[in-house]
Amino acid sequence: MGLRFFVAIKKVVCYNKHMAKDNNKKQLSVFSDVIRSLAIDATMGVEGVVLHQNEGIKKLLFGTGTSVSFLPNDKVSIDITVDIHPGYTIPAVVAAVQEKVKAEVEGSTKYHIHSVNIHVKKVLPQ
């Protein structure tokens, strides 16, 4: 009797630990989507820049060119791929995007920005 009870409790504990891991993954997925959305909105609010749009199979594999990585201590690293309109200075536009994304994410979530990496894919033709 005692051994069966111990085995049953062990199975419940293992099941609960497994469920907790699944819930954490779901929560990180939701947080990732929220942070990605905030970063995209902030990026689109900067004059002279547009999100780089992948085409064809690249769009399926890589999405919009925006990714979020979670780090310890409630920190995140964000990578954004953009295109720049002609007539804008790349360093100035990149700095503006970084500042706006940092302010938006830190002001709207509990997460702190570790880094905002901007990848300039191309300068758009006139």
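The values are calculated or read from the model by the stated rules, or taken from the named source; none is laboratory data. Since we're looking at a predicted model, the values are computed, not measured. Quick reminder, even Gly has a Cβ in these numbers, built from the backbone with ideal geometry, and neighbours come from all protein chains shown.
Among the residues of segment 92-102, are any more than 16 Å from D41 (Cβ to Cβ), touching a strand residue (DSSP E or B) at 6+ places or on another chain (Cβ under 6 Å), modelled with pLDDT of 95 or more and surrounded by 13 or more Cβ atoms within 10 Å (Cβ to Cβ)?
Initial filter on segment 92-102 (more than 16 Å from D41 (Cβ to Cβ)): 92-95.
Remaining after also requiring touching a strand residue (DSSP E or B) at 6+ places or on another chain (Cβ under 6 Å): 93-94.
If we keep only those that are modelled with pLDDT of 95 or more too, we end up with 93-94.
Within this subset, residues satisfying the condition of being surrounded by 13 or more Cβ atoms within 10 Å (Cβ to Cβ) are 93-94.
Scanning segment 92-102 turns up at least one residue that is more than 16 Å from D41 (Cβ to Cβ), touching a strand residue (DSSP E or B) at 6+ places or on another chain (Cβ under 6 Å), modelled with pLDDT of 95 or more and surrounded by 13 or more Cβ atoms within 10 Å (Cβ to Cβ).
Do we find a residue being under 14 Å from the mean Cα position of the chain (by Cα), part of a helix (DSSP H, G or I) and at pLDDT 90 or above anywhere in segment 43-66?
Yes, the conditions are met somewhere in segment 43-66.
Applying the selection to segment 109-126, what residues are part of a strand (DSSP E or B) and surrounded by 13 or more Cβ atoms within 10 Å (Cβ to Cβ)?
Restricting attention to segment 109-126, the residues satisfying the condition of being part of a strand (DSSP E or B) are 112-123.
Result: H112, I113, H114, S115, V116, N117, I118, V120, K121, V123.
Go through (1) at pLDDT below 95; (2) surrounded by 18 or more Cβ atoms within 10 Å (Cβ to Cβ); (3) in contact with a helix residue (DSSP H, G or I) (Cβ under 6 Å, 6 or more places away or on another chain) for T81 and report which single condition fails.
In the conditions (1) at pLDDT below 95; (2) surrounded by 18 or more Cβ atoms within 10 Å (Cβ to Cβ); (3) in contact with a helix residue (DSSP H, G or I) (Cβ under 6 Å, 6 or more places away or on another chain), T81 misses (3) alone.
Tally the residues that are over 12 Å from the mean Cα position of the chain (by Cα) and without any contact (Cβ under 8 Å) to a residue 40 or more places away in the chain, restricting the search to segment 72-101.
14
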